[in-house]
1. Mind listing whichever residues of the range 183-194 are under 13 Å from the mean Cα position of the chain (by Cα) and surrounded by fewer than 19 Cβ atoms within 10 Å (Cβ to Cβ)?
2. With the condition kept exactly as written, say whether any residue in the range 133-140 is open to solvent by less than 30 Å² (accessible area, probe 1.4 Å) and over 17 Å from residue 83 (Cβ atoms).
3. Could you check how many residues of the range 1-27 are part of a helix (DSSP H, G or I) and closer than 29 Å to residue 142 by Cβ?
4. Look at residue 54 and say whether it is open to solvent by less than 30 Å² (accessible area, probe 1.4 Å), among the hydrophobic types (A, V, I, L, M, F, W, C) and at pLDDT 95 or above.
5. List pairs: first in the range 54-71 and part of a loop (DSSP other than H, G, I, E, B), second aromatic (Phe, Trp, Tyr), Cβ under 7 Å, 6+ apart or cross-chain?
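The values are calculated or read from the model by the stated rules, or taken from the named source; none is laboratory data. Note that this is a predicted model, so its numbers are computed, not measured. Cβ sites come from the backbone with ideal geometry, for glycine too, and all protein chains shown count toward neighbours. The area values use the complete protein model at the heavy-atom level, side chains included, leaving out ligands, DNA and RNA. Shrake-Rupley method; radii C 1.70, N 1.55, O 1.52, S 1.80 Å.
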Amino acid sequence: MSLATFADLAQLLAEVFLEPDTDLGPDLEAALGSGDGLPPALQAPLAQMVAAPLNDQDRPVEYTRLFLQALEGDPVHLFASVQARGHHQAPDILGPLKAIHDEADLSLQDDLGVPPDHLGLELACLSAILGQSLDASDPVEEERLQALALRLLREHLHPLSAAVSRQLPSAAPAPYFQAGADLVAALLDELERELAVI
């Protein structure tokens with residue numbers, strides 16, 4: 001599977017976990033039918049997302065129930081700071097993440113209103129770094145960016161994805177969001193293997 005496909009899937013998953021009002025069904029179907037040699041570990045959850053879509057009314061309601069305001073207990077937090085430290089904007093989480101953004105020359109929109117340690121934003125950052133590595137004309141720069149992507153993956157995305165994956169089943173999520181979390185975990189595993197051998 002190409003790094004471009006990894007970048008596209010990471011961006012698509014960023015939108016799944018950041019923009020519940022957006023119908024991503026056509027994009028998910030296109031990714032499934034892309035024929036870019038998706039490994040079975042990615043095909044299965046992607047096919048599940050395509051097979052079990054939520055309509056435009058149910059998707060934001062389910063997102064809110066799972067990740068913002070659980071009916072019982074705590075929501076499944078999509079922020080690394082909350083997962084690791086129990087509160088938003090933990091400096092020891094945000095500092096290293098900002099260093100990765102700086103090394104990739106990435107900055108968040110000022111009006112975004114979502115901390116950078118949100119799962120969706122970390123996936124978007126991963127996608128952007130992979131895109132930069134694909135556009136790099138210098139092999140040294142390409143290698144630096146791929147190493148940066150690997151660092152983001154290992155130090156930030158893997159722990160956050162694992163925490164979300166552990167908690168989500170107890171919230172009885174709709175298959176769409178469970179498959180989305182499964183796809184994130186599988187994507188990170190496959191990408192780590194790919195980057196480790198480049």
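1. To start, the set of residues in the range 183-194 that are under 13 Å from the mean Cα position of the chain (by Cα) comprises 183-189, 191.
Listed by number, the residues that qualify are 185, 189.
2. Step one: list which residues in the range 133-140 are open to solvent by less than 30 Å² (accessible area, probe 1.4 Å), which gives 133, 136.
Of the ones still in play, those that are also over 17 Å from residue 83 (Cβ atoms) are 133, 136.
Within the range 133-140 (the criterion being open to solvent by less than 30 Å² (accessible area, probe 1.4 Å) and over 17 Å from residue 83 (Cβ atoms)), the answer is yes, since at least one residue qualifies.
3. Taking the range 1-27 first, the residues part of a helix (DSSP H, G or I) are 3-18, 25-27.
Cutting the leftovers down to closer than 29 Å to residue 142 by Cβ gives us 3-18, 27.
Residues meeting the conditions: 17.
4. On the way: open to solvent by less than 30 Å² (accessible area, probe 1.4 Å): no; among the hydrophobic types (A, V, I, L, M, F, W, C): yes; at pLDDT 95 or above: yes.
So residue 54 fails the test.
5. 54/176
Let's see how each residue does on (1) aromatic (Phe, Trp, Tyr); (2) open to solvent by less than 30 Å² (accessible area, probe 1.4 Å); (3) out of contact with any Phe, Trp or Tyr (no Cβ under 6 Å at 6 or more places or on another chain); (4) assigned to a helix (DSSP H, G or I):
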residue: 143; (1), (2), (3), (4): no, no, yes, yes
residue: 152; (1), (2), (3), (4): no, yes, yes, yes
residue: 156; (1), (2), (3), (4): no, yes, yes, yes
residue: 167; (1), (2), (3), (4): no, no, yes, yes
residue: 170; (1), (2), (3), (4): no, no, yes, yes
residue: 173; (1), (2), (3), (4): no, yes, yes, no
residue: 177; (1), (2), (3), (4): yes, yes, yes, yes
residue: 181; (1), (2), (3), (4): no, yes, yes, yes
